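So the structure is just underneath, and the comments pick up after that.
The values are calculated or read from the model by the stated rules, or taken from the named source; none is laboratory data. Treat the numbers as computed from the prediction; the structure is a model and nothing was measured. Because the Cβ atoms are built from the backbone with ideal geometry, glycine has one as well, and the counts that use them run over all protein chains shown.
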Amino acid sequence: MNSQSPTYNFGLCGINCQKCFAFKDGSIRQNSEKLRIDLGNFDVYAKRFVELLDAPIFNKYQDFKEMLDYFASSNCLGCRKQECHLFKSCNVRVCYKTKSVDFCFQCNEFPCNHTGFDEHLEQRWMKINERMKEIGVENYYNEIKDKPRY
């Protein structure tokens, strides 16, 4: 990794890992775990609230809890430390290992067709890397740090 370029918990492609649901130290996992703890044994109450509050929405609590448990159990360390947990076809890590660049825009082959991304992700990747190249990584981080990823 280039020691002069800050990474700010960005993936190699430029996506903000900190806002990813799969990132172990991310806000989604942390908030999900906190909500899971705060809800405690809500299962029992959810069943009762269907009738007590005349709120059939509580019949869906188990589905909500499954999603919450999934988000709270995320364990990705980021693609700088391990293979991507979300995009199994991502090839950016291979370039990272062989080309000694922190981000795709720093590569002399950028933009390329080696990423393995689907059309939607490729469009995001291109936009993110062009923006980082235009204004710098730190300015890009400051621009997006408080915005949701999705």
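Quick notes on this structure:
- You will find that of LEU86, LEU12, the residue that is in contact (Cβ under 8 Å) with a residue 60 or more places away in the chain, touching an Asp or Glu at 6+ places or on another chain (Cβ under 8 Å) and of a type in the set (A, V, I, L, M, F, W, C) is LEU12 and no other.
- Selection of first residues in the stretch 133-150 that are within 22 Å of VAL101 (Cα to Cα) and part of a helix (DSSP H, G or I) and of second residues that are modelled with pLDDT of 90 or more and of a type in the set (Asp, Glu), restricted to Cβ pairs under 9 Å at least 6 apart or on distinct chains, gives the following pairs, ordered by first then second residue: ILE135/GLU143; TYR140/GLU134.
- Qualifying residue in the stretch 125-133 (condition: within 18 Å of the chain's Cα centre (by Cα), aromatic (Phe, Trp, Tyr) and not assigned by TED's automatic domain parsing to the domain that holds ASP43): yes
Residue by residue, here is whether (1) of a type in the set (S, T, N, Q); (2) under 25 Å from the mean Cα position of the chain (by Cα); (3) more than 30 Å from GLU134 (Cα to Cα) holds:
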position: LYS19; (1), (2), (3): no, yes, no
position: ILE37; (1), (2), (3): no, yes, yes
position: GLU51; (1), (2), (3): no, no, yes
position: ALA55; (1), (2), (3): no, no, yes
position: GLN62; (1), (2), (3): yes, yes, yes
position: ASN75; (1), (2), (3): yes, yes, yes
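- One residue from ASP54, ASP38 being assigned to a loop (DSSP other than H, G, I, E, B), among the acidic types (Asp, Glu) and modelled with pLDDT of 90 or more: ASP54
- Hey, VAL94 outside the structural domain of GLU33 (by TED's automatic domain parsing) and at pLDDT below 90 or not: yes
- In the stretch 21-35, the residues that are over 10 Å from the mean Cα position of the chain (by Cα) and hydrophobic (A, V, I, L, M, F, W, C): LEU35
- Given (1) outside the structural domain of TRP125 (by TED's automatic domain parsing); (2) of a type outside the set (A, V, I, L, M, F, W, C); (3) assigned to a loop (DSSP other than H, G, I, E, B), number of the condition LYS65 does not satisfy: (3)
- Screening the candidates ASN75, ASN41 for the property of being surrounded by fewer than 13 Cβ atoms within 10 Å (Cβ to Cβ) and out of contact with any helix residue (DSSP H, G or I) (no Cβ under 9 Å at 6 or more places or on another chain) yields one hit, ASN41.
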